[in-house]
Amino acid sequence: MPEQQTAEGRIGPAEEVGDFLRLRREQIAQRWADAAVFRTVFTVSRDEAVEAGRAVVEALAAVASSGRVEDSEADGFTVVREQLARTAHSRARAGATIGQVSAEMDALRQPVTELLLEELSGKPAEHQRDCATTLAVLMGTLRLVMLETTTVSGQELINRQRLEMLEIATPVIKLWEGIVAVPLIGTLDSARSQVVMETLLDAVVEQHASFAILDITGVPTVDSLVAQHLMKTVAAARLMGAECIVSGIRPAIAQTIVHLGIDLSSVLTRASLADALAYALQQQGAHIVANPAAAEPR
């Protein structure tokens, strides 16, 4: 709740801090522009750093005037969260740790406190202490908001990098005109299986493929969930107009599928990627014959 005026007619510390922030907004923004948390983000133009600092000061002034200096959910922070999110994202991409970001945000407090004490130099010492304490709490809340945003941004970055790694680990190869293949290597989980499906379907559309081969020679194990994902991928490819062939089902995986009671009778399978490619070529009218010269010793 906003603080009321005192009996002597002076306004409370929170409201005074809010007025001070509005009055000294430009000076604070200029000093903050050289602080690490802004300088390392806005490297092209210092004016951008000043503008970002100005927006943060305005948010702090609004929070102070509302009296909710300890509330990280105060309305005043709403307008600046997007700016903090961009800053946090940039620092996360640069490899800054939570501790580093916390220290950088804490460094913003000193220049503001110095200006505040300068502004209040003619007022009672007790009032100066109250205002300085209020400002310290407000800056601490700002730091908390920034750390929360950094945590979210860091997790988003991790998730995005994980997805990019999954996509890199799931290449689609054009084997022939109208034939694409996805050679899978390593463990398949639900997330990667979903990426496989999306990647393969995108390739079917882009390559106008009539045949799509899922080669699982390099997959060590298959559980019921992964098998279900493979069957969904086959069905989705058919809906896109492509026949999907699963190749490379090793004996151990075949036994697991039988033990799990999974019915793959509707799925076209081949022992190897070469067999799957030969089948797809034959279906396209190609006639494949062995080259006798290749078998002769040199």
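Does residue 103 meet the test of being without any contact (Cβ under 8 Å) to a residue 12 or more places away in the chain, of a type in the set (A, V, I, L, M, F, W, C) and either within 15 Å of residue 38 (Cβ to Cβ) or in a loop (DSSP other than H, G, I, E, B) (or both)?
Working: without any contact (Cβ under 8 Å) to a residue 12 or more places away in the chain: yes; of a type in the set (A, V, I, L, M, F, W, C): yes; either within 15 Å of residue 38 (Cβ to Cβ) or in a loop (DSSP other than H, G, I, E, B) (or both): yes.
When the stated conditions are applied, residue 103 passes them.
Can you confirm whether residue 162 is assigned to a helix (DSSP H, G or I) and either modelled with pLDDT of 80 or more or polar (S, T, N, Q) (or both)?
On the way: assigned to a helix (DSSP H, G or I): yes; either modelled with pLDDT of 80 or more or polar (S, T, N, Q) (or both): no.
Spelling it out, it is not the case that residue 162 is assigned to a helix (DSSP H, G or I) and either modelled with pLDDT of 80 or more or polar (S, T, N, Q) (or both).
Would you point out which residue out of 236, 254, 191 is at pLDDT 85 or above, part of a helix (DSSP H, G or I), under 30 Å from the mean Cα position of the chain (by Cα) and surrounded by fewer than 21 Cβ atoms within 10 Å (Cβ to Cβ)?
Details: 254 fails: under 30 Å from the mean Cα position of the chain (by Cα); 191 fails: at pLDDT 85 or above.
From the options 236, 254, 191, the qualifying one is 236.
Taking region 281-295, which residues are in a loop (DSSP other than H, G, I, E, B), among the hydrophobic types (A, V, I, L, M, F, W, C) and either under 14 Å from residue 211 (Cβ atoms) or modelled with pLDDT of 75 or more (or both)? Steps first, please.
The initial filter retains those residues of region 281-295 that are in a loop (DSSP other than H, G, I, E, B), namely 284-291.
Filter once more, so that each one left must be among the hydrophobic types (A, V, I, L, M, F, W, C): 286, 288-290.
Selection gives 286 alone.
Could you please let me know if residue 49 is at negative phi, in a helix (DSSP H, G or I), in the same structural domain as residue 137 (by TED's automatic domain parsing) and touching a Phe, Trp or Tyr at 6+ places or on another chain (Cβ under 6 Å)?
Details: at negative phi: yes; in a helix (DSSP H, G or I): yes; in the same structural domain as residue 137 (by TED's automatic domain parsing): yes; touching a Phe, Trp or Tyr at 6+ places or on another chain (Cβ under 6 Å): yes.
Against the criterion (at negative phi, in a helix (DSSP H, G or I), in the same structural domain as residue 137 (by TED's automatic domain parsing) and touching a Phe, Trp or Tyr at 6+ places or on another chain (Cβ under 6 Å)), residue 49 qualifies.
Do you know which residues across region 70-100 are farther than 12 Å from residue 143 by Cα and not in a helix (DSSP H, G or I)?
Within region 70-100, 73, 74, 94, 95, 96, 97 qualify.
Within region 52-69, restricting attention to residues that are outside any helix (DSSP H, G or I) and in contact (Cβ under 8 Å) with a residue 60 or more places away in the chain, which residue is surrounded by the most Cβ atoms within 10 Å (Cβ to Cβ)?
Narrowing region 52-69 to residues outside any helix (DSSP H, G or I): 67-69.
So of that shortlist, the ones also in contact (Cβ under 8 Å) with a residue 60 or more places away in the chain come out as 67, 69.
Numbers: 67: 19, 69: 25.
This residue is 69.
Taking region 261-285 as the region of interest, how many residues are without any contact (Cβ under 8 Å) to a residue 60 or more places away in the chain, of a type in the set (A, V, I, L, M, F, W, C) and surrounded by 13 or more Cβ atoms within 10 Å (Cβ to Cβ)?
Total meeting the criteria: 5.
Residue pairs, Cβ under 8 Å, 6 or more apart or interchain, first in region 175-195 and touching a residue at least 24 places away in the same chain (Cβ under 8 Å), second of a type in the set (D, E, K, R) and surrounded by 18 or more Cβ atoms within 10 Å (Cβ to Cβ). List them.
These pairs meet every condition: 181/215; 182/215; 183/215; 184/215.
Pull up region 203-227, narrow it to residues that are in contact (Cβ under 8 Å) with a residue 12 or more places away in the chain and assigned to a helix (DSSP H, G or I), then point me to the one that is surrounded by the most Cβ atoms within 10 Å (Cβ to Cβ). Step through it out loud before you land on a result.
Let us first name the residues in region 203-227 that are in contact (Cβ under 8 Å) with a residue 12 or more places away in the chain, namely 203-205, 207-227.
Keeping just the survivors that are assigned to a helix (DSSP H, G or I) gives 203-205, 207, 224-227.
Details: 203: 20, 204: 23, 205: 12, 207: 16, 224: 13, 225: 12, 226: 21, 227: 20.
So the residue we want is 204.
Is it fair to say residue 77 is crowded, with 17+ Cβ neighbours inside 10 Å, within 16 Å of residue 150 (Cα to Cα) and not β-branched (Val, Ile, Thr)?
On the way: crowded, with 17+ Cβ neighbours inside 10 Å: yes; within 16 Å of residue 150 (Cα to Cα): yes; not β-branched (Val, Ile, Thr): yes.
Yes, satisfied.
The values are calculated or read from the model by the stated rules, or taken from the named source; none is laboratory data. Owing to the predicted nature of the structure, the values given are computational and were not obtained by experimental measurement. Cβ atoms come from the backbone with ideal geometry, glycine included; neighbour counts cover every protein chain shown.
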